[in-house]
Amino acid sequence: MTKNDCFFFGKVTKTHGLKGEITIKLDVVNPADFRDLRYLLIEDKGNLIPYFIENQKINGDKMFVQLQDVTKMEQAVVFLGKGVFLPNEMLPELDDNDFYFKEIIGFKLIDEEKGEVGTISDVLEYPTQAVIQVMRDGKEILIPIHDDIIQKVNKKAKILNIKAPEGLIDMYLNM
């Protein structure tokens with residue numbers, strides 16, 4: 001299984017206790033959706049390695065996990081700082097107008113005023129705002145992901161309808 005088949009679930013931040021448990025800082029909206037996991041995929045040298053879970057507990061945005069065959073703190077230390085992933089199939093279903101960022105890559109972006117802007121090439125996550133990236137005629141156009149801008153998501157047709165702030169798209173095209 002590759003990273004393209006998975007989503008980032010969190011990062012191992014420290015060991016927990018003396019019996020080899022690890023603490024994972026979760027990067028998901030609703031941690032309770034993942035309270036009954038049987039395994040995790042932990043990144044090691046670019047590969048995703050499956051580890052079965054013996055026991056787990058969620059507290060806020062942290063998950064305390066006892067991995068199978070990891071029974072000592074010395075064994076758990078090797079996981080520190082490593083990314084934790086889960087298969088895309090484990091992502092909870094979202095409402096019609098909600099989406100996961102990686103899900104809209106390849107969608108057509110259509111603006112209420114400008115019409116078809118282009119195909120979404122990426123979603124860039126900045127500390128204060130996530131933005132949709134579209135390349136058009138060799139120029140990058142960045143559209144903030146915000147409820148006032150996103151009008152409709154048609155997952156079947158792979159279309160994202162927006163109402164861009166006045167002048168935003170022209171600003172990029174006229175550079």
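Couplings 3J(HN,Hα) of segment 131-140, computed from phi: 10, 8, 10, 10, 9, 9, 6, x, 10, 8 Hz, in residue order, whole Hz [Karplus 6.51 cos²θ - 1.76 cosθ + 1.60, θ = phi - 60°; x for Gly and Pro]. Here segment 45-149 is treated as a sphere whose radius is the Kirkwood value from Cα pairs; by Stokes-Einstein at 20 °C and 1.002 mPa s it diffuses with a coefficient of 122 µm²/s.
Within a straight-line Cα-Cα reach of under 12 Å, K72 can be paired with the following aspartates and glutamates, leaving aside sequence neighbours fewer than 8 residues apart in one chain: E21. Dividing the Cα radius of gyration of the chain by its Kirkwood radius returns 1.08 for Rg/Rh. Ordering I169, I105 by the number of other Cβ atoms within 10 Å of each residue's own Cβ, fewest first, gives I105, I169.
What FRET efficiency comes out for the pair D69/L37, r = Cβ-Cβ distance, R0 = 22 Å, nearest 0.05? That pair, D69 with L37, gives E of 0.85. Backbone amide hydrogens, once placed in the peptide plane, bring C6 within less than 5 Å of N88, excluding anything fewer than 5 places away on its chain. Arranged from fewest to most other beta-carbon atoms within 10 Å of their beta carbon, F52, F107, F99 become F52, F99, F107.
Sequentially through segment 150-160, phi angles give Karplus couplings (6.51, -1.76, 1.60; θ = phi - 60°) of 6, 9, 7, 10, 10, 5, 5, 7, 6, 10, 10 Hz, Gly and Pro residues having no value and appearing as x.
Dividing the summed helix terms, -39500 (n - 2.57) for each DSSP H run of n ≥ 4, by the number of residues in the chain produces a 222 nm estimate of -1000 deg cm²/dmol to the nearest 500.
Throughout, read-outs are computed from the coordinates displayed, never taken from laboratory work. Computed from a predicted model, the values in this text were never measured in an experiment. A quick note on method: Cβ atoms are made from the backbone with ideal geometry, for glycine too, and the neighbour counts reach across all protein chains shown.
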